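The structure appears below as structure tokens.
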Amino acid sequence: MHIARPALIALGVLLFLIGALWIGQGLGYIHWPQSSFMLDQRPWADRGAIVAIVGLCLVLLARRSGRR
């Protein structure tokens, strides 16, 4: 579990950041890139929230498994 724990944490953080970007784009707060199909589209904000929650769950799971 020595290798899997940092990998799960890194994957969780990456998923959280991607989800946060999708939320920002879907709500129209982040306009990057300028011509993205995700801008001001509420479904992408919802999908981003799901991805961010999955990322947080991975981080919590990895941290919890290291305590045993």
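Using only side-chain charges placed at the Cβ, +1 for Lys and Arg and -1 for Asp and Glu, the dipole size of the chain relative to its Cα centre rounds to 520 debye. Here the extension length gained between Trp32 and Cys57 equals 6.3 nm, from 0.36 nm per residue of separation less the Cα-Cα distance. Here are some values of Cα extents along the principal axes in Å: [x] 33, 31, 20; [y] 25, 24, 16; [z] 45, 18, 13. Which one was computed from this structure? Of the listed options [x] 33, 31, 20; [y] 25, 24, 16; [z] 45, 18, 13, [z] comes from this structure. When Trp22, Trp32 are compared by accessible surface with a 1.4 Å probe, the order from highest to lowest is Trp32, Trp22.
The values are calculated or read from the model by the stated rules, or taken from the named source; none is laboratory data. These figures come from a predicted structure and were not determined experimentally. Counting neighbours? That spans all protein chains shown, and the Cβs are built from the backbone with ideal geometry, glycine included. Surface accessibility is based on the protein's heavy atoms, side chains included, excluding ligands, DNA and RNA. Shrake-Rupley method; radii C 1.70, N 1.55, O 1.52, S 1.80 Å.
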